[in-house]
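First the structure, in the form of structure tokens, and then the observations on it.
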Amino acid sequence: MSEVVTYSREGKVGVITVDYPPVNALSHAVRTGLVAALEQGQKDSEAKVLLLVCAGRTFIAGADIREFGKPMQEPGLPAVVEQFENSDKPLVAAIHGTALGGGLETALGCHYRVALSSAKVGLPEVKLGLLPGAGGTQRLPRLAGAQKALEMITTGEFVAAKDALAFGIVDAVDEGNDVKAAGMAYAQKIADEGKPVRRVRDLTDKLAADKGSEVFEQFRVALEKKARGLFSPFKCVDAVEAAFNLPFPEGMKRERELFMECMGSPQRAGLVHSFFAERQASKVKGLPKDTPVRDVNSVGIIGAGTMGGGIAMNFANVGIPVTIVEMKQEALDKGLGIIRKNYENSARKGRITQKQVEDRMALITGSLNYDDFKDVDLVIEAVFENMAVKKEIFAKLDSVCKPGAILASNTSTLDIDEIASATKRPEDVVGMHFFSPANVMRLLENVRGSKTSDEVKATVMAVAKKIKKVGVLVGNCHGFVGNRMLHRRGAEALALVNEGATPQQVDKVLTDLGYPMGQFAMSDLAGIDVGYRIREELRNAGEKVAPSWLDKLAELNRFGQKSMAGVYKYEEGSRKPIPDPEVERIIEDFRKEQGIASREITDQEILERCMYVMVNEAAKILEEGIADRALDIDVIWIYGYGFPAYRGGPMFWADQIGLDVILAAVEKYRSEVGTEHWEPAPLLKQLVAEGKRFGDL
Ligand code: T1G
């Protein structure tokens, strides 16, 4: 008998129990165990009905993702599910937690499904670059119809038990929280009522209703926009459509063909890497699992601007009271007004209820007085980027906050140690770098100072999980990890335009790679004036900062989206960047002024210079220990800077290209472009010499 699947009988019910922590994934051992237990149940003459139930926190959460890319071991899941469906004894699946992917498919292979009201079901394979490969695309439409099946399979979104009942995906919902008891009661009912086996594959009424429907074409058109650059969502539509055009066995065959196409796609490898990288990033190297974590039940925020407001919403969203301190009442009222407007927008879109709007606003208190921070567990400073101002604030916080309070800065570039030096408790000072809009962007780049204590590091990582952010802990340097790499890309993008490319050519190369936005469209969103002010401050401080055509734009009040013109021009009510001949003239004049003879620049050169410069910088970041692992950098770029998850992040992408190819290009640009930042990172050279990849680190 397998260790992970057991068979027992209680009265007339044969019970098949899966117990394979953490999420009962369908590993080879679980698949063989299921088949063995089913056979035992078939042979057990006392068992009139069979019940499939799982131990632990959830029903089966899918195939074992760790087995992907390895040789497939029999029995495959489609065969296991078919055996369950062929059972001549009614089979009930009792669902708790999340029945996902192959887990839901196994439940769909059973004849009846009961779910706890707290449970969710879903087919999220598309998020891994796949499609349901064990009958989900053929059986789900037979229960839920084309529209719902397509929604669930092309988005991978989870469906709550009550909605699953409404769509016929489950047959009953139990309000209790004991899944075994719920399953036993339902199986007993099936036995007592002598209910027959009911194979989903034989159900056809929903198929007849949607056969030849336009819905498949509508989804393909919608996906052109929503799933730009992705492979598997379109294969999902093809597979579901097959359920409506082919008999079940042929539909299953078609599903398998499409599944194998997805399994072979590089996007699957990228998305599976992203899945595990996101989870690994929360485990900080060198920080023991049992490091104490401080309670964070109240939060203070300094600054009610765009960042401060967004940060406050994250805490109110999870029920943590927030006090926002501003200098002036007017700024406070404006900030609180914007928070309410954001919540009411979400309510209008049906994402939250009006009651939730009021509950969350009630958790956010405005103040003009630092003393209101005396009892909070965590304070996050979110004022404009000026070291002197930040040090003044932290000195004040040091005097009012209770011992043990964590003092955090949302700075996106400045030195955490210098900020901490303004206090007598640098061990309690840390960077918590949110990304705009802070209530939406999922990344939280936590920055450890040289004196930040392990407890504070562990606490801010726990806070990230609590407010549903993807937390990554990095070291302290100018721009930390994300912005330090972005600055290099920005410098190369600017240089490429100086030398002859157009801003739209550069941006197209980046959006074709999969970024939602190019370098210059991003500058227009952030504001051309922001970069200009920083450059002018540095120039006034006597620093040598190269002239730039972006300065010309700023001096012409072309600040970007906010002034309807920047590198691009914008039409009223539209954020669509429109190339502007006026800017091309400004750039041409700048080149003449600087004596630059422009030249033809290829898209490949743009890709290499914008991306390889980042990879080279990332290698320096790794060797300096600012980032512990290449996967941390991948997670930062996927969740903070829009790098396409289907390429796995810039480090995983670089490994796919080959570090030898990248090093050769870096050395080429070191001699051709000559800028210091093209000096090859020693780590990059070492990995190439050893035939290793970033993924091997
Ligand atoms: N396989 C292997 N490990 C898994 C796993 C899986 N399917 N799901 C989770 N884990 C690990 C995870 O790495 C982590 O490990 C631990 O479990 C807890 O996860 C044929 C081919 C279930 C909603 O896509 O969405 O079926 O870090 O931290 O936030 O059609 O995990 O502790 O070592 O995420 O509570 C389809 C993926 C597979 C579901 C729980 N299934 N999992 O979330 O915990 S493809 C999925 C999740 C498939 C068939 C196809 C979530 C969760 P560690 P966690 P959580």
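Some notes on this structure:
- Positive minus negative residues near residue 347 (Lys, Arg vs Asp, Glu; Cβ under 14 Å): +4
- Accessible area of residue 117 in the full protein assembly, 1.4 Å probe (Å², nearest 10): 40 Å²
- Annotation: extensible slack from residue 226 through residue 689 equals 162.5 nm (criterion: 0.36 nm per residue apart, minus Cα-Cα distance).
- Loop-located GluC sites (Glu not before Pro) in region 1-54 whose Cβ has at most 11 other Cβ within 10 Å (DSSP): 3, 46
- Protein heavy-atom surface of the chain, 1.4 angstrom probe: 54% of the accessible area is carbon and sulfur, with nucleic acids and ligands not counted.
- Using 0.36 nm per residue and subtracting the Cα-Cα separation, the extra length available between residue 417 and residue 55 on full extension is 125.6 nm.
- Which of 353, 459 is most accessible, then next, and so on - probe 1.4 Å: 353, 459
- The order of the peptides 281-294, 140-153, 75-88 by mean Cβ neighbours within 10 Å, most packed first, is 140-153, 75-88, 281-294.
- Interatomic Cα distance distribution for region 571-679, bins of 5 angstrom, percent: 2, 10, 15, 17, 16, 13, 12, 11, 4, 0
- Its alpha carbons give region 650-693 an Rg and a Dmax of 10.3, 27 Å.
- For region 163-315, the C-alpha radius of gyration divided by 2.2 N^0.38 Å, with N the number of residues, is 1.61.
- If you model region 338-423 as an ellipsoid using its alpha carbon gyration tensor, with each semi-axis the square root of five times an eigenvalue, the axes come out at 31, 16, 10 Å, biggest first.
- Under the simplified labelling scheme, the residue 218-residue 27 pair shows an inter-label distance of 4.4 nm, with each label point 7 Å from Cα along Cα→Cβ.
- If you wrap the Cα atoms of region 619-678 in a convex hull and average its projected area over all directions, you get 4.6 nm².
- Measuring with a 1.4 angstrom probe and ignoring ligands and nucleic acids, residue 195 comes out at about 80 Å² accessible.
- For residue 386 and residue 318, a Förster radius of 30 Å and the Cβ-Cβ distance give a FRET efficiency of 0.45, rounded to the nearest 0.05.
- Distance from the alpha carbon centroid of region 1-61 to that of region 502-524 works out to 52 angstrom.
- What the Cα atoms of the chain give is an Rg and a Dmax of 28.3, 92 Å.
- Pairwise FRET efficiency - residue 667 versus residue 172, Cβ, R0 = 60 Å, nearest 0.05: 0.35
- Rh by Kirkwood over Cα pairs, then Stokes-Einstein D for region 1-59 at 1.567 mPa s and 4 °C, µm²/s: 114 µm²/s
- Calculated SAXS-style log₁₀ I(q)/I(0) at q = 0.16 Å⁻¹ - region 363-407, Debye, Cα scatterers: -0.43
- Among 425, 533, the sequence by solvent-accessible area, most first, with a 1.4 Å probe is 533, 425.
- Whole-percent pair-distance distribution, where bins are 5 Å wide, for the alpha carbons of region 256-346: 3, 11, 14, 12, 10, 11, 11, 11, 9, 6, 3, 1, 0
- Spacing of the two label points (7 Å from each Cα toward its C-beta) at residue 592 and residue 513, in nm: 3.3 nm
- Residue 537 exposes around 110 Å² of accessible area when a 1.4 Å probe is run over every protein chain in place.
- Remark: accessible surface ordering of 445, 588 (largest first) is 588, 445, probe radius 1.4 Å.
- Two-site FRET efficiency, residue 253 against residue 193, from Cβ-Cβ distance with R₀ of 25 Å, rounded to 0.05: 0.10
- Computed from phi, the 3J(HN,Hα) profile of region 113-120 under the Karplus parametrisation 6.51, -1.76, 1.60 (θ = phi - 60°) reads 9, 10, 10, 5, 4, 7, 7, 10 Hz, with x in place of Gly and Pro.
- Per residue, the convex hull spanned by the Cα atoms of region 371-487 measures out at 100 cubic angstrom.
- With the simple spin-label model, which puts each label point 7 Å out from Cα in the Cβ direction, the residue 395 to residue 12 separation comes to 8.2 nm.
The values are calculated or read from the model by the stated rules, or taken from the named source; none is laboratory data. Source: prediction; values computed, not measured. Positions of Cβ are generated from backbone atoms using ideal geometry, with glycine treated the same way; all protein chains shown enter the neighbour counts. Remember, those area values only see protein heavy atoms, side chains included, never the ligands or the DNA or RNA. Shrake-Rupley method; radii C 1.70, N 1.55, O 1.52, S 1.80 Å.
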